[in-house]
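The values are calculated or read from the model by the stated rules, or taken from the named source; none is laboratory data. Bear in mind that the values here come from a model prediction, so they are computed numbers and not experimental data. Ideal geometry is used to build each Cβ from the backbone, glycine not excepted, and the neighbour counts take in all protein chains shown. Note: accessible area is taken over every heavy atom of the protein model, side chains too, but ligands, DNA and RNA are not part of it. Shrake-Rupley method; radii C 1.70, N 1.55, O 1.52, S 1.80 Å.
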Amino acid sequence: GAVVSQHPSRVICKSGTSVKIECRSLDFQATTMFWYRQFPKQSLMLMATSNEGSKATYEQGVEKDKFLINHASLTLSTLTVTSAHPEDSSFYICSASRGIDYGYTFGSGTRLTVV
Amino acid sequence: DQQVKQNSPSLSVQEGRISILNCDYTNSMFDYFLWYKKYPAEGPTFLISISSIKDKNEDGRFTVFLNKSAKHLSLHIVPSQPGDSAVYFCAASLFKAAGNKLTFGGGTRVLVKP
């Protein structure tokens, strides 16, 4: 079945640094990937839709210059949290779909802690 | 503006009994609905989905019911097992829309007691 790998699973970084999170579709090509953020005991909030070969589509209120998304190939999307601050600490999850007739597979998530 | 709502934040049920999780939505353009199960610090795992052309879909112990006129769907788990203890999210999509992004409800934490 469809497998989505997300790396790293956990990262601690210093305030002001940047962190890159990778999302790979291992056994299928994903023209579209999605990045979500989850705060403790809250729902998954869609941050952006990552489109292969083109610019990401960001949800309202999400700073595109802070959360850089690159979808350079059909199997890899990256989310870079730039100039991270403690309030960026959260659980980030990616998902991918083969297409409209298929479901959505989620990565295992990345716990980001900014100190 | 929450387009997908799960009004019960938690549910406790005895092992072997039925768990019923509810979900309401406001956007009548949604036509594809999914349920996910999530453990802490893990990504959601797909459980079951339903298209708006159906009112019921069953897969093993899981059944999803859709009432389009009421903009309401529910997930039935029977019999409930201790391993079902997790947070359950319903999600909705504009099935034919480009990108097919999902809108999630707030989640319901289920505890199945042995």
Within the set of pairs 6+ apart or on separate chains, which have a first residue in region B:27-50 that is more than 10 Å from B:VAL87 (Cα to Cα) and more than 9 Å from chain A (Cβ to nearest Cβ), a second that is in a loop (DSSP other than H, G, I, E, B) and open to solvent by 10 Å² or more (accessible area, probe 1.4 Å), and C-beta atoms under 7 Å apart?
B:ASN27/B:GLN3; B:SER28/B:LYS71; B:MET29/B:LEU94; B:PHE30/B:LEU94; B:ASP31/B:SER52; B:ASP31/B:LEU94; B:ASP31/B:PHE95
How many residues does region A:37-83 hold that are of a type in the set (A, V, I, L, M) and open to solvent by less than 20 Å² (accessible area, probe 1.4 Å)?
5
Single match in B:SER93, B:SER69, B:SER80 (criterion: farther than 22 Å from B:ARG17 by Cβ and touching a Lys or Arg at 6+ places or on another chain (Cβ under 8 Å))
B:SER93
Of all the strands (runs of 3 or more DSSP E) wholly in region B:26-79, which have at least 2 residues that are crowded, with 18+ Cβ neighbours inside 10 Å?
B:32-38, B:45-51, B:62-67, B:72-77
Per the filter on region A:86-106, residues within 11 Å of chain B (Cβ to nearest Cβ), open to solvent by 10 Å² or more (accessible area, probe 1.4 Å) and at pLDDT 95 or above are none
Under 9 Å between Cβ atoms, at least 6 apart or on separate chains: pull out the pairs that start in region A:34-57 with a residue that is closer than 14 Å to B:THR103 by Cβ and modelled with pLDDT under 90 and end on any residue that is assigned to a loop (DSSP other than H, G, I, E, B) and open to solvent by 70 Å² or more (accessible area, probe 1.4 Å).
A:SER43/B:GLN2
Among the residues of region A:36-59, which ones are hydroxyl-bearing (Ser, Thr, Tyr) and more than 12 Å from the chain's Cα centre (by Cα)?
A:SER43, A:SER54, A:THR57
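Tell me, please, whether a residue that is away from every other protein chain (no Cβ under 14 Å) and either acidic (Asp, Glu) or touching an Asp or Glu at 6+ places or on another chain (Cβ under 7 Å) (or both) can be found in region A:58-66.
Let us first name the residues in region A:58-66 that are away from every other protein chain (no Cβ under 14 Å), namely A:63-66.
Now drop any that are not either acidic (Asp, Glu) or touching an Asp or Glu at 6+ places or on another chain (Cβ under 7 Å) (or both), which leaves A:63, A:65.
Within region A:58-66, one or more residues are away from every other protein chain (no Cβ under 14 Å) and either acidic (Asp, Glu) or touching an Asp or Glu at 6+ places or on another chain (Cβ under 7 Å) (or both).
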